[in-house]
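Enquirer: Got a structure for you, written out below as structure tokens; questions coming shortly.
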Amino acid sequence: MATPPTRLCPEEVRAELLRLRQGPALGHPGAVTTLSVPLKTLLLARTPTLSHTASETTRLVAALRRAIDALTPHERHYAAADFNLLGEHSWPTLTERQESLARVLGCSAKTVRRHAGQALDTLALLISDGSYVTETLAPASAAPATGTAPDDETSQFFGITTSSRVDVICSALPVTDRPRQHPSDPLYARYAGFADLDALFYVRVHLAQRFPAATIRDFHPGEYYNAEPDSLIILGAPDRNSAYAEFGPHLPYRFTPPPDPAITFSDGQEIRLAPLWAPEGELLADLSVITRLTLDQGTTVVLIGGCLTLGVLGAAKCLLNGERGRRNTAYLDTAASGGDLVAVTTTRKVGGITGTPDLATTEPLLLLTRDPAGNFTTRLDNTARYTIGQPTQNRYHAGQCAPGPGWRA
């Protein structure tokens, strides 16, 4: 790539980076729009190859990530935390991010600030002279530099590309059931307050494997702030995840929480599906609910739900379990023509092993998509195979749910 005519000295670049790393930094990609025109021009000339449809903001963020990746591993760690690119240190202010890193490293925040300042000096120099562009990048940027990730089916379903920002909001335990949650507790553990931990770890690990260059962060419902991610993934159910509950008015179903967990679809007549239990009280099967919505600004929202934690884990596996997950996401994306959808399927547990639904082999119990008018309409209704023996008045018939504001068909 030819060297752009714009020239900035390291001091000028450093002054702008100092301002950029304040607040949420790259956790709120729109922050790059405040950069000066000369620096934008310099960065845009050094953007890795992206889809031709990528916005200027996306290209600027990708260029900054590319420069950060060119730092040594030691300095890269401090810079990535400063610019809010590390999920485990994702906080809305620079001070909180540096203090979080200091706790993990077992040093003072002053030490972190000193190393971060040195990393910022190096980053400003790299951006100023552009020498890093011709060098081999660090492993963190080893993914193919294309606008679409290598795993096309998963990428298409979740709206994730190689440089996307992905936020995961996991369900929470009731306040009374959250031990070790105060930072002053000697046994403090941030994840002790999360409910669907198995699903959270499953989603994080598999997304990191498939999109190694994407920024993936996880949140407790109470600590999430809207950073306008490319993809927002919400785990659990409304009763244990307030972020899920916020979408309730725009969905064609509702959950009934324990002790009588169920999911209900209604339109005059209704169907109520509930987990299956053995006579001895053992859980045999749960309902897994997959919902995809697209916000007007382009964010893809995927709700991975279930009546109980088994259903949530089953929904996660349905979408991300190797080749079967790719088949399932391709199946759903084709059925919905790339649009909004709701799919309900069954997840069973046998011998302590959680099954993975295969939608290409066994169709969902229910599949709803948006029609041209913007309403949810039933495309598949296979609930008879699950509701055998239930009263016929509980059967769900093809119906519609009016869309809420902010959605597009």
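The values are calculated or read from the model by the stated rules, or taken from the named source; none is laboratory data. Just so it is clear, the structure is predicted and the values come from calculations on it, not from any experiment. Quick reminder, even Gly has a Cβ in these numbers, built from the backbone with ideal geometry, and neighbours come from all protein chains shown.
Enquirer: Name the pairs: first residue in the stretch 77-89 and on the phi > 0 side of the Ramachandran plot and surrounded by 24 or more Cβ atoms within 10 Å (Cβ to Cβ), second residue hydrophobic (A, V, I, L, M, F, W, C) and not in a helix (DSSP H, G or I), Cβ to Cβ under 8 Å, at least 6 apart or on different chains?
Expert: Once the first residue is on the phi > 0 side of the Ramachandran plot and surrounded by 24 or more Cβ atoms within 10 Å (Cβ to Cβ) and sits in the stretch 77-89, its partners that are hydrophobic (A, V, I, L, M, F, W, C) and not in a helix (DSSP H, G or I) give ASN84/TRP91.
Enquirer: Which of the numbered conditions does LEU235 fail, given that it passes all the others? Conditions: (1) at pLDDT below 95; (2) under 13 Å from the mean Cα position of the chain (by Cα).
Expert: (1)
Enquirer: Quick check on this structure: which one of THR377, THR345, THR356 is in a strand (DSSP E or B), assigned by TED's automatic domain parsing to the domain that holds VAL301 and surrounded by 18 or more Cβ atoms within 10 Å (Cβ to Cβ)?
Expert: The conditions single out THR345.
Enquirer: When residues of the stretch 284-297 are filtered for being crowded, with 16+ Cβ neighbours inside 10 Å and either over 16 Å from ILE160 (Cβ atoms) or in contact with a helix residue (DSSP H, G or I) (Cβ under 8 Å, 6 or more places away or on another chain) (or both), how many remain?
Expert: 9
Enquirer: Additional query: Can you name every residue in the stretch 194-249 that is touching a residue at least 12 places away in the same chain (Cβ under 8 Å), of a type in the set (S, T, N, Q) and either assigned to a loop (DSSP other than H, G, I, E, B) or touching a Phe, Trp or Tyr at 6+ places or on another chain (Cβ under 8 Å) (or both)?
Expert: Of all residues in the stretch 194-249, those touching a residue at least 12 places away in the same chain (Cβ under 8 Å) come to 194-200, 202-204, 206-207, 210-222, 224-225, 227-244, 247, 249.
After this cut, where a residue has to be of a type in the set (S, T, N, Q) as well, the list is 215, 231, 241-242.
Across the stretch 194-249, the qualifying residues are SER231, ASN241.
Enquirer: Oh, and also: Quick one: is ALA213 hydrophobic (A, V, I, L, M, F, W, C) and either within 26 Å of THR354 (Cβ to Cβ) or at pLDDT 90 or above (or both)?
Expert: So ALA213 does not fit the description; no.
Enquirer: While we're looking at this one, here's another question. Being closer than 29 Å to THR58 by Cα, in contact (Cβ under 8 Å) with a residue 40 or more places away in the chain and surrounded by 15 or more Cβ atoms within 10 Å (Cβ to Cβ) is the requirement here; does THR300 meet it?
Expert: So THR300 fits the description; yes.
Enquirer: A further question on this structure: Quick check on THR299: is it closer than 20 Å to ASP333 by Cα and at pLDDT below 95?
Expert: Yes, satisfied.
Enquirer: Also, I was wondering about something else. Which members of the stretch 329-345 meet the condition of being over 26 Å from GLU228 (Cα atoms) and at pLDDT 95 or above?
Expert: Within the stretch 329-345, VAL344, THR345 meet the criteria.
Enquirer: So ILE271 fits all but one of (1) over 30 Å from PRO29 (Cα atoms); (2) part of a strand (DSSP E or B); (3) in contact with a Gly (Cβ under 9 Å, 6 or more places away or on another chain); what number is the exception?
Expert: Among (1) over 30 Å from PRO29 (Cα atoms); (2) part of a strand (DSSP E or B); (3) in contact with a Gly (Cβ under 9 Å, 6 or more places away or on another chain), the lone unmet condition for ILE271 is (3).
Enquirer: Where in the stretch 19-106 are there helices (runs of 4 or more DSSP H), lying wholly inside it, with at least 2 residues that are polar (S, T, N, Q)?
Expert: Here the list reads 56-69, 94-105.
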